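The values are calculated or read from the model by the stated rules, or taken from the named source; none is laboratory data. Everything quoted here is computed from the prediction, not taken from an experiment. With ideal geometry, Cβ positions are generated from the backbone for all residues, glycine too; neighbour counts draw on all protein chains shown. Accessible surface is based on the protein model in full, side chains and every heavy atom, while ligands, DNA and RNA are left aside. Shrake-Rupley method; radii C 1.70, N 1.55, O 1.52, S 1.80 Å.
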Amino acid sequence: MLYSATELLNKHPHIELVTFDFFDTLITRTVSQPTHVFAEVEHQLVSSFGERWKGFSYKRVRAEQRARAVAAQDDSYRDVTFDEILNVLSTDMDLSVAEIELAAQHEMATEIALVKAVPFGRDVLDEVQRRGMAVMIVSDNYMPARHLVNMAHAAGLTNIEVSHVMVSCEHGGMKHNGRLWREVLEYSGVPAKKILHIGDDRNADVEQPSRLGIATYRDPRMRASHRFPENTHPSVLPLSRLEAWLRDDMYASEWETSRALGAGPIALLVASQIADVCDVIGERDVRGVYFAARDGWLAHQVWDNTLSASISIPAHYLAFSRSIFGRASIAEVNDHVLDRFVGQNEQLTPRQLGNRFGCELDAPDGVDVVLQADQLRELLVVNERVVVEASRALRGRVIGYLRSIGITSPGHHVVVDLGWTGATLADLSDIVREASNGEATVEGRFLGLYWDATPHRTRLAMRGYAVDDLDATENNLRLLGVIRFFETLMTAPHGSVTDFADADGNFTPLFARSDIETAQYSAVIGMVGEAAIESASAIVRGDHPASVTLDELTREVAWATMMQVGQTPRKDEVAFMSRLRHVASVDHQDDGIPLIARAPRSSSTLPYSRTQVLFRDLMNQYWPQGTIRAWEREKKTSVLADNIMRYWPIMKHRWIEVDE
């Protein structure tokens, strides 16, 4: 239960001394987690002093880890000092004495520049001092007390003095191992039963002092935005500022994961789609811009909100799906068609399969008998003529629709999509080229392109903004691991397009209605989308409260955003996504698959051969990183999660690539 400052102190009328944790209790920063301070330092050092400082932020984290390991060999209870960390860093980066001093000055200055007071901690401190009670700050940190005081003063807590501060690096022990609490009792001379401690960490600020009889109160709200600390790099800073703003904006209310996802990472990626379009428009003559359904729906809303009045190039919402443009190009029922339209493990009736192609299939055993995948494929081969005829008729309706939105007009047209393979957009490009006699060209702008996009590069120009098929194999696999996460959230309120009306109906798009997708959108995903549109629109306009602007949204920022959330989700995000299903069938008519997979029985003793099959299934059907994060938090599945990360290191929490 959360109390006001007055309520909390009134509950403890016999207290003489109130002790405070410092970081995330009295002060926080305008970035979402502590190690992002190092990312800001790296940004400054690289900007001012060159490429020599690239990789500083990650190496700064690793230097602290190594310095702690060395210190523990001497005394497992003591904390490391800033000087000890800098000594390790100087070796790791081969820094001169002057360079180490430069790094230290920048880090301390940046800590002060980014600091701000935590409202509840500030209010309690004010009330404590108003009542004339004694105050002490008890912190596990490598910085000296003087620096913490400087930070407190910069945050407006000007009554804090060095005599109020006990920091672990100066007192031979830490809160986490209990030794610093014994120092507090000895130094203060106040009995434990007359001390109240306020902090945010369950072990250091609750369990350890409680063992000595100290009353405690925990307020963890400033930790809501923390992620895996090693993934720190200047490219994470726009998302970090957004998540810090959301942390502060929701401080006085309940944490809403839907809003945190929408107004944070999803908004950044939607704004990145807009930034990419603006880059293209600035580079060449563009006839029209088309945001592809359903992945481009959010970006189209943002464009209409922000740029439609100032940019004369028409921007349309393109009814687009792999079902439509794949089956509008069928000249024969070959292996490619069979693989594309019948899933490896699908079970359908001939009626359902016929609906997928917009025709009635001749089925000897009846149209309502459930068939296996191999039987369905044989049925398509037998019905090749009717399938090709249906494709030809559909192609006519597709061309009618494309002409109605202007994409067959002479000139260069840009289509914006999430990705991931390029095959569907290549089919669209072929149809546009044919319908325009080669006078219209299509360019695909994707947030991410997976490696099987490569064969389609001869069919159209395309680029992956965050990552593409020409990137490293590891990053292509990481992209594959987050595809379902982003497809599920970056979507539209309508279903997938399954057909178009004929000429009498003005070639109006006809959309599928999936009960599961409709229910998910109404209950959950719609809230993510609303928050994303509002936040992304502010980014594009340049008036976002987090001071994130369109100019900052580079390829590296988009990739960092995808990885920070998709590969290292917080616990609340995994719980949120576990409620959702991903509908991946070509006609979007099924109930989908849960994003988080169930662990197999006897998962702790699963042999490597079975683990290989499991990993393949995770990558092809689920959100693998979210699943692994969920499994590693459960005792009965943690071994399986560890084994997967050991066999396939790209599934580990760290995604940044830094030479060590």
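Using 24 Å as the Cα-Cα cut-off, could you pick out the over-long pairs in K54/K571; K571/K636; K11/K571; K59/K652; K571/K652?
Table pairs above 24 Å Cα-Cα are K54/K571; K11/K571.
Note the angle between two axes, namely the Cα long axis of helix 638-647 and the longest principal axis of the Cα atoms of the chain, as a number of degrees from 0 to 90, rounded to the nearest 10.
Helix 638-647 sits at roughly 70 degrees to that axis.
Report the one residue of S168, H197, F228 whose Cα lies farthest in the direction of the positive end of the charge dipole of the stretch 110-252 (charges on C-beta: Lys and Arg +1, Asp and Glu -1; origin at the Cα centre).
H197
Only bridges whose two residues both fall in the chain count here: according to DSSP, what percent of them are antiparallel, nearest 5?
Antiparallel: roughly 20 percent of the beta bridges in the chain.
Which of F320, P34, H106 sits closest to the plus end of the dipole of the chain, meaning its Cα is farthest towards the positive end, when Lys and Arg get +1 and Asp and Glu get -1 on the C-beta?
It is P34, whose Cα lies furthest towards the positive end.
Would you mind working out the accessible area per residue for the chain, using a 1.4 Å probe, and quoting it in Å²?
Working: 27300 Å² over 660 residues.
That works out to 41 Å² per residue.
Once all Cα-Cα distances of the stretch 263-328 are split into 5 Å bins that start at 0, what whole-number percent is in each one?
3, 16, 25, 24, 16, 10, 4, 0
Can you tell me which of 250-257, 167-174, 431-438 comes out highest on packing, and rank the rest after it, using the mean Cβ neighbours within 10 Å? Walk me through the intermediate numbers first.
On the way: 250-257: 13.4, 167-174: 20.2, 431-438: 16.5.
The packing order, highest mean first, is 167-174, 431-438, 250-257.
Run the numbers on the chain and let me know its relative contact order in percent, using alpha-carbon pairs under 8 Å that are six or more apart.
Relative contact order of the chain: 14 percent.
What is the stretch 1-147 by shape, rounded, prolate or oblate, if you read a ≥ b ≥ c off the alpha carbon gyration tensor as root eigenvalues and call it rounded for a/c under 1.5, prolate for a/b larger than b/c, and oblate otherwise? Working shown, then result.
On the way: a/c = 3.06, a/b = 1.93, b/c = 1.58.
It is prolate, given that a/c is not under 1.5 and a/b is the larger ratio.
Might you work out the accessible area of L595 for me, using a 1.4 Å probe with all protein chains in place, and round it to the nearest 10 Å²?
Using a 1.4 Å probe on the heavy atoms, I get roughly 0 Å².
Name the residues whose placed amide hydrogens come within less than 5 Å of the amide hydrogen of L371, ignoring near sequence neighbours (fewer than 5 apart) on the same chain.
L348, T349
In percent, how large is the relative contact order of the stretch 155-251, given Cα pairs closer than 8 Å and 6 or more residues apart?
About 19 percent, as a whole number.
For the stretch 434-536, give me the percentage of DSSP beta bridges that are antiparallel, rounded to the nearest 5 percent.
Taking every DSSP beta bridge with both residues in the stretch 434-536, the antiparallel ones total about 40 percent.
Tell me what the chain gives for mean residue ellipticity at 222 nm when only DSSP H runs of n ≥ 4 count, each as -39,500 (n - 2.57), the sum divided by the residue total, rounded to 500 deg cm²/dmol.
Counting only the DSSP helices, I get -14000 deg cm²/dmol.
Relative to a virtual label point 7 Å from the Cα of N305 in the Cα→beta-carbon direction, which members of the stretch 524-551 show backbone nitrogen distances below 13 Å?
527-545, by backbone N distance to the label point.
For H653 and Q129, FRET efficiency with R0 = 41 Å and r from the beta-carbon atoms, rounded to 0.05? Spell out each step's value before the answer.
Details: r = 41 Å, r/R0 = 1.00.
The formula returns an efficiency of 0.50 here.
About the Cα centre, and with charges only on the beta carbon of Lys, Arg (+1) and Asp, Glu (-1), how big is the dipole of the chain? Nearest 20 debye, please.
1180 debye
From the square roots a ≥ b ≥ c of the eigenvalues of the alpha-carbon gyration tensor of the stretch 218-281, which class results: rounded (a/c under 1.5), prolate (a/b over b/c), or oblate?
Note, shape of the stretch 218-281 comes out oblate.
According to the square roots a ≥ b ≥ c of the eigenvalues of the Cα gyration tensor, what is the shape class of the stretch 496-587, taking rounded for a/c under 1.5, prolate for a/b larger than b/c otherwise, and oblate for the remainder?
Note, shape of the stretch 496-587 comes out oblate.
To the nearest 20 debye, what charge dipole does the stretch 261-353 have about its Cα centre, counting +1 at the Cβ of each Lys and Arg and -1 at the Cβ of each Asp and Glu?
Using Cβ point charges on Lys, Arg, Asp and Glu, the stretch 261-353 gives about 300 debye.
Find the all-direction average of the projected area of the Cα convex hull for the chain, expressing the result in square nanometres with one decimal place.
Result: a mean projected hull area of 33.0 nm².
When the accessible area of the stretch 376-461 is split by element with a 1.4 Å probe, what percent falls to carbon and sulfur?
On the stretch 376-461, the fraction of accessible area on carbon and sulfur atoms equals 52 percent.
What is the percent carbon and sulfur in the accessible area of the stretch 552-643, measuring with a 1.4 Å probe over the protein chains and ignoring ligands? Working shown, then result.
Numbers: 1950 of 4070 Å².
It is 48 percent, rounded to a whole number.
Take peptides 346-354, 210-218, 637-645 and line them up by average Cβ neighbours within 10 Å, highest first, as a rough protection proxy.
Packing order, densest peptide first, comes out as 346-354, 637-645, 210-218.
Please give the peptides 277-290, 315-328, 63-76 ranked by average Cβ packing (other Cβ atoms within 10 Å per residue), highest first, as a rough proxy for protection. Walk me through the numbers before you get to the answer.
On the way: 277-290: 16.0, 315-328: 22.5, 63-76: 14.3.
Result, highest mean Cβ count within 10 Å first: 315-328, 277-290, 63-76.
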